[in-house]
Amino acid sequence: MPLLRLAQERDGWVTAEAMAEIGDILGLSSAEVLAVASFYSMYHLKPKGRHVISVCHNLACNLMGAERVIEHLEDTLGVDSEGETTADGAFTLERAECLAACDAAPCLQVDYDALHAKMTPESVEALVEELRT
């Protein structure tokens with residue numbers, strides 16, 4: 001798993017070449033490496049945007065407006081649905097199963113690091129503008 005993380009940091013995503021390289025280092029087949037990489041959501045098997053916005057859509061966040069936040073992000077970013085990357089490669093929008101901040105719902109995370117709580121359509125618009133600059 002640490003090698004997958006390093007490959008992703010190096011290339012921006014886990015490429016087929018990286019999986020073959022990791023397999024060679026560990027004495028595994030590319031298929032075995034792919035089995036691990038495809039199981040965990042933190043590994044990307046295709047290119048992602050420079051910023052990844054992950055919106056929690058579990059029960060608490062959904063009840064507090066996560067779907068409105070996701071829809072507004074789709075409109076603001078110009079993507080048809082979550083999981084897509086903007087044409088300029090700046091953003092990927094995705095759903096997260098749980099960000100463990102139910103008391104601050106709805107919440108989202110930027111680049112799997114920075115947590116943003118109690119988001120609204122207006123606050124996500126401001127966040128996107130901040131990330132663009």
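Read-outs: derived from the displayed coordinates by stated rules, not from any lab. These figures come from a predicted structure and were not determined experimentally. Cβ coordinates were reconstructed from backbone atoms using ideal geometry, including for glycine residues, and neighbour counts include every protein chain displayed.
Could you grab me the full set of residues in segment 21-31 that are surrounded by 12 or more Cβ atoms within 10 Å (Cβ to Cβ) and either of a type in the set (Phe, Trp, Tyr) or within 17 Å of ARG5 (Cβ to Cβ) (or both)?
Listed by number, the residues that qualify are GLU21, ILE22, GLY23, LEU28.
Limited to segment 1-20, what total is found for residues that are of a type in the set (D, E, K, R) and within 13 Å of VAL33 (Cβ to Cβ)? Can you show your working first?
Restricting attention to segment 1-20, the residues satisfying the condition of being of a type in the set (D, E, K, R) are 5, 9-11, 17.
If we keep only those that are within 13 Å of VAL33 (Cβ to Cβ) too, we end up with 5, 17.
Residues meeting the conditions: 2.
Please state which one of LEU73, LEU59, LEU127, LEU93 is more than 23 Å from GLY12 (Cα to Cα) and out of contact with any Phe, Trp or Tyr (no Cβ under 8 Å at 6 or more places or on another chain).
Numbers: LEU73 fails: more than 23 Å from GLY12 (Cα to Cα); LEU127 fails: more than 23 Å from GLY12 (Cα to Cα); LEU93 fails: more than 23 Å from GLY12 (Cα to Cα).
Just one listed residue meets the conditions, LEU59.
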